[in-house]
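For reference, the structure discussed in these notes is given below.
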């Protein structure tokens, strides 16, 4: 088999392959012999059809089948021989496929970039440290109470944080517009659910009152037909209800699966969850800084095939998350290209760090991570056992641990500055990474 390779770009390879005619005819004849054993031809018993008849009837199909198999097999042999690492399936262009002659074709494909990860010492990381103070715990208990708020009828004018049941009809230029009317809508004043001015206009209203609100849609409103336009809403207030926060009692604790331990036990459980969240937030911020540093220090070209695959994966995830009748391929690729490129480049860099440093998942850390995740459940032992019985889930945890080991490897040479901050600052989401 003859093979020649041309570098048409940094990552693209154009490989010409010639498969000897003898090998081609051997593959064709093998298929014809297989066909002869099962072919049903009028006038002949199965398995007794002359080869000349078989060849006349089935040779073209056997040759096409052999072509596909030979291309697949010879391409694999060629990339191994040439020590190439394809990043996707090749585009195949036949040059010659005539009976009695060599099979020749051109395979065009991309290869994975070859590079050495460097620049660990140029990466600067700010590592936060914080504690869960009693005041942070008290604030969290209030958050939990507000998340479980109940509303009771109030015989007074509406205030912010009250829940109103309303009917409304909206008009633009004196005409009712689609989607601008509703009956029996529950609205919490101050929630920001409606356009500016709507909720503010209902403060002070009482049950049974009708109000006319003159407001304007924002310039960047999602419905372009309404964006920036003035509107008039006629609103009828059916009822006003005031918020009632639940008491910190056994009934409330039971909603979180905590029984018979009282307020002290509940506070201890909430604190434990907050500390788990804090550790994860700090770890995530350190990891993001390391990954940003690796990206900046190691600019590499991305194979188009990998980028397209990642874009398609993100399209599918978007449809699954937001639903609707849209198909993944209908979403514009440019919506996902930046995120896809970042993920692909980081995947290549992380894999190379693992290879260069001969890293393997630390099974003790794997166990520790599983036990920490399991501690959030009522029966953690069962959760741990479930992970170790499910290879896919276990391997996902191993991948996360391996990525953490990559971060640790970088931190050994990076410039790390420790900073003490409050709990709130530590768990505050980091800003989105800059575009590459």
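All of the numbers you see were taken from the coordinates with simple rules; none came from a lab. All of these numbers come straight from a predicted model, not from anything done at the bench. Cβ atoms come from the backbone with ideal geometry, glycine included; neighbour counts cover every protein chain shown.
To the nearest 10 degrees, how steeply does helix 21-38 sit against the main Cα axis of the chain, on a 0 to 90 scale?
80
Using a ≥ b ≥ c from the Cα gyration tensor of segment 332-428 (square roots of the eigenvalues), is it rounded, prolate or oblate, where a/c under 1.5 gives rounded and otherwise the larger of a/b and b/c decides, a/b for prolate? The partial results should precede the final answer.
On the way: a/c = 1.43, a/b = 1.26, b/c = 1.13.
Here segment 332-428 falls in the rounded category.
Suppose the chain between residue 225 and residue 259 were pulled fully straight at 0.36 nm per residue; how much longer would it get relative to their current alpha carbon spacing?
Length difference between fully extended and current span is 6.9 nm.
Could you please rank 373, 194, placing first whichever residue has the fewest other Cβ atoms within 10 Å of its Cβ?
373, 194
Compute the long axis of helix 51-81 from its Cα atoms, compare it with the longest principal axis of the Cα atoms of the chain, and write down the angle in degrees, 0 to 90, nearest 10.
Around 60 degrees separate the two axes.
Using square roots of five times the C-alpha gyration tensor eigenvalues, list the equivalent-ellipsoid semi-axes of segment 84-241 in whole Å, biggest first.
Values: eigenvalues 726, 212, 49 Å².
Semi-axes from the Cα gyration tensor: 60, 33, 16 Å.
Pairs of alpha-carbon atoms within less than 8 angstrom and 6+ residues apart define the contacts here; what relative contact order does segment 150-244 have, in percent?
Numbers: 219 pairs, mean separation 38.6, N = 95.
About 41 percent, as a whole number.
Normalised radius of gyration for segment 2-110, please: alpha carbon Rg relative to 2.2 N^0.38 Å, two decimal places.
Numbers: Rg = 17.3 Å, N = 109, 2.2 N^0.38 = 13.1 Å.
Dividing the Cα Rg of segment 2-110 by 2.2 N^0.38 Å gives 1.32.
Helix 304-322 versus the longest principal axis of the chain: what is the Cα-based angle in degrees, 0 to 90, to the nearest 10?
40
Could you tell me which of rounded, prolate or oblate describes segment 171-313, using a ≥ b ≥ c as the square roots of the eigenvalues of the alpha-carbon gyration tensor, with rounded for a/c under 1.5 and, failing that, prolate when a/b is larger than b/c and oblate otherwise?
Cα axes put segment 171-313 in the oblate bin.
For segment 61-171, what relative contact order do you get, as a whole percent, if you take Cα pairs closer than 8 Å and at least 6 residues apart?
On the way: 48 pairs, mean separation 16.0, N = 111.
Relative contact order, segment 61-171: 14 percent.
Please rank 52, 74, 181, 122, fewest neighbouring Cβ atoms within 10 Å first, as an exposure proxy.
Ordered by Cβ neighbours within 10 Å, fewest first: 52, 122, 181, 74.
Build a GNM of the chain with springs between Cα atoms under 10 Å: which of 255, 72, 56 gets the top mean-square fluctuation?
With Cα springs under 10 Å in the chain, the top fluctuation among 255, 72, 56 is at 56.
Could you rank the peptides 203-213, 228-238 by their average count of other C-beta atoms within 10 Å per residue, with the highest value first?
Details: 203-213: 14.2, 228-238: 16.3.
By packing density, highest mean first, the sequence is 228-238, 203-213.
Ranked from highest to lowest mean number of other Cβ atoms within 10 Å per residue, what is the order of the peptides 27-36, 287-296? The partial results should precede the final answer.
Numbers: 27-36: 16.9, 287-296: 19.0.
Highest mean packing first, the order is 287-296, 27-36.
Could you state, as a whole-number percent, how many of the C-alpha pairs of segment 110-152 are farther apart than 12 Å? It would help to have the intermediate numbers written out before the result.
On the way: 710 of 903 pairs.
Tail of P(r) above 12 Å: 79 percent of Cα pairs.
Would you mind computing Rg(Cα) / (2.2 N^0.38 Å) for the chain, counting N as its residues? It would help to have the intermediate numbers written out before the result.
Numbers: Rg = 33.2 Å, N = 436, 2.2 N^0.38 = 22.2 Å.
So the Cα radius of gyration is 1.50 times the expected 2.2 N^0.38 Å.
Which whole-number percentage describes the relative contact order of the chain, with Cα contacts under 8 Å and a sequence gap of 6 or more?
It rounds to 17 percent for the chain.
Taking the Cα centre of each part, how many Å lie between segment 10-73 and segment 172-244?
Going from one Cα centre to the other spans 73 Å.
Where in segment 179-206 is the amide nitrogen less than 15 Å from a point lying 7 Å along the Cα-to-Cβ axis of residue 214?
Residues 197-198, 201 qualify, since their backbone N sits under 15 Å from the label point.
If the viscosity is 1.002 mPa s and the temperature 20 °C, what translational diffusion coefficient in µm²/s does Stokes-Einstein give for segment 150-244 when Rh comes from Kirkwood over Cα pairs?
On the way: Rh = 13.6 Å.
In µm²/s, the coefficient is 158.
Tell me, how many Å apart are the Cα centres for segment 87-146 and for segment 337-403?
Each part reduced to its Cα centre gives a spacing of 15 Å.
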